[in-house]
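> Following this message is one structure expressed as structure tokens.
The values are calculated or read from the model by the stated rules, or taken from the named source; none is laboratory data. Quick caveat, the model's predicted, so the values are computed rather than measured. So basically every Cβ, Gly included, is an ideal-geometry build from the backbone, and we count neighbours across all protein chains shown.
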Amino acid sequence: MSHRVGVIGGDGIGPEVVAEALKVVRAAGVELDTVDYDLGGARFLRDGTVLPEEVLNEWRSYDALLVGAVGSPGVPPGVIERGLLLKMRFDLDLYINQRPFLLPSAGIDMIVIRENTEGSYAGEGGVLRKGTPHEVATQGSVNTRMGVERCVRYAFELAESRDRKHLTLVHKTNVLTFAGDLWERTFTEVAVEFPSVSTAYNHVDAACIYLVQSPDQYDVIVTDNLFGDILTDLGGAVSGGIGFAASGNLNPARTGPSMFEPVHGSAPDIAGQGVANPVAAILSAALMLDHLGEGDAAARVRKACADTSTLTGSTTAVGDLVAARV
Ligand code: IPM
Ligand code: MN
């Protein structure tokens, strides 16, 4: 069976790393029926297009979307982020952002579950008297019981399926008392359904210390959208570098396609030189394979990437090496 996948190579190093990810998936014996989309910062600068509604609707019947990286110098902040990436996450209801980190030599084997449709990303707020000395800007954080609960429940189910069965809630309940209370109560209530999962709570600032000093204490972390954004860059930095950090933007209810992308950006400074590390894109494709029910191929791809010290060389050389191993 062939899976229909929309491919957005995007900007900078995006198309280079996505090409290697597709090469590896095909080498693993999985048939993909891909459709390419020219979207991202370069397209916006060319003709003003960000994400047409027809394209979004076309994607609704697809099995998955694979994104390289989007963003170009010269595009005003927010245009591509809100108009393309966040629009995909919100309109396709990709409510889980799953980001695994693995570095056995440091005892790191953890997955961060980041809520992906709410919080400070929701776009609540506005500006008054812009450009005057009396300017007011507000940017609220939206937390719904439904949104928090489905995210927390997903994280418990994931933790229950893993060997260590440990789940840490990360928030800032001592200061963000309204949102923190909703997260904490939801977490405590859902925990009752998962008696085999042990739990912990960390304030986000403390979690930054622990991620650097003793990351082996974590198994699964669940957190809100903005904390998850920040923690997963840190997670990448302590587990081999952002060049290895993969992510799945998941719609676990499967009311539409899920989207897979490396955590890193478009890195325009090294674009076109063939030096970008494609492993984050390749591991994102492995997450896609898991979601498509191709768990065996996903496991082979991950195994082929496990010895990261051997994955050096040009973008295509690393892709060829991994492809040869799957
Ligand atoms: C990420 C990115 C995005 C985010 C940006 C590009 C909108 O940093 O996927 O982590 O903040 O979520
Ligand atoms: Mn980020």
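> Please go through the stretch 289-326 and give me each residue that is assigned to a helix (DSSP H, G or I) and of a type in the set (Ser, Thr, Tyr), ordered by number.
Listed by number, the residues that qualify are Thr308, Ser309, Thr310, Thr315, Thr316.
> Considering only the stretch 125-157, state which residues are outside any helix (DSSP H, G or I), of a type outside the set (Ser, Thr, Tyr) and within 16 Å of ligand 1 (Cβ to nearest atom).
Once the filter is applied, which keeps residues that are outside any helix (DSSP H, G or I), of a type outside the set (Ser, Thr, Tyr) and within 16 Å of ligand 1 (Cβ to nearest atom), the stretch 125-157 yields Gln139, Val142.
> Report yes if some residue within the stretch 196-217 is among the hydrophobic types (A, V, I, L, M, F, W, C), assigned to a loop (DSSP other than H, G, I, E, B) and farther than 20 Å from Glu118 by Cα; otherwise report no.
yes
> Looking only at the stretch 268-281, count how many residues are buried (at least 21 other Cβ atoms within 10 Å of the Cβ) and within 24 Å of Gly74 (Cα to Cα).
Going through the stretch 268-281 one residue at a time, the tally reaches 1.
> Which of the residues belonging to the stretch 244-263 are out of contact with any Asp or Glu (no Cβ under 9 Å at 6 or more places or on another chain) and either within 11 Å of ligand 1 (Cβ to nearest atom) or part of a helix (DSSP H, G or I) (or both)?
Residues satisfying the conditions are Phe244, Met259, Glu261, Pro262.
> Checking the condition of a type in the set (S, T, N, Q) and either more than 30 Å from Lys165 (Cα to Cα) or in contact with an Asp or Glu (Cβ under 6 Å, 6 or more places away or on another chain) (or both), which residue from Ser105, Ser61 passes?
Ser61
> Mind counting the residues in the stretch 54-87 that are away from ligand 1 (no atom under 13 Å from the Cβ), free of Cβ contacts under 8 Å to residues at least 40 places away in the same chain and either small (Gly, Ala, Ser) or touching a helix residue (DSSP H, G or I) at 6+ places or on another chain (Cβ under 9 Å) (or both)?
2
> Go through (1) out of contact with any Gly (no Cβ under 6 Å at 6 or more places or on another chain); (2) among the polar types (S, T, N, Q); (3) outside any strand (DSSP E or B) and name the single condition Asn97 misses.
Answer for Asn97: the failing condition is (3).
> Please go through the stretch 158-171 and pick out each residue that is closer than 16 Å to Val222 by Cβ and more than 16 Å from ligand 1 (Cβ to nearest atom).
Passing the criteria: Leu158, Ala159, Glu160, Ser161, Arg162, Arg164, Lys165, His166, Leu167, Thr168, Leu169, His171.
> Still on this model: Can you tell me which of Gly83, Gly14, Gly41 is crowded, with 18+ Cβ neighbours inside 10 Å and under 20 Å from Gly248 (Cα atoms)?
On inspection, the qualifying residue turns out to be Gly14.
> Residues of the stretch 100-120 being more than 10 Å from ligand 1 (Cβ to nearest atom) and assigned to a loop (DSSP other than H, G, I, E, B), which ones?
Of everything in the stretch 100-120, those that are more than 10 Å from ligand 1 (Cβ to nearest atom) and assigned to a loop (DSSP other than H, G, I, E, B) turn out to be Gly107, Thr117, Glu118.
> Any residue that is surrounded by 20 or more Cβ atoms within 10 Å (Cβ to Cβ) and of a type in the set (Ser, Thr, Tyr) - is there at least one of those in the stretch 157-166?
no
> Out of the stretch 5-36, which residues are out of contact with any His (no Cβ under 9 Å at 6 or more places or on another chain), farther than 21 Å from His291 by Cα and of a type outside the set (Asp, Glu)?
If the condition is that a residue be out of contact with any His (no Cβ under 9 Å at 6 or more places or on another chain), farther than 21 Å from His291 by Cα and of a type outside the set (Asp, Glu), then Gly10, Gly12, Gly14, Pro15 are the ones that fit.
> Report every pair of residues separated by at least 6 positions or lying on different chains whose Cβ atoms are under 8 Å apart, first residue within the stretch 220-242 and more than 10 Å from ligand 1 (Cβ to nearest atom), second modelled with pLDDT under 95 and hydroxyl-bearing (Ser, Thr, Tyr).
So the pair list comes out as Gly240/Thr308.
> Identify, from the list Asp109, Asp33, Asp63, the residue that is surrounded by fewer than 15 Cβ atoms within 10 Å (Cβ to Cβ) and either among the charged types (D, E, K, R) or within 16 Å of the chain's Cα centre (by Cα) (or both).
Result: Asp33 is the single residue among Asp109, Asp33, Asp63 that is surrounded by fewer than 15 Cβ atoms within 10 Å (Cβ to Cβ) and either among the charged types (D, E, K, R) or within 16 Å of the chain's Cα centre (by Cα) (or both).
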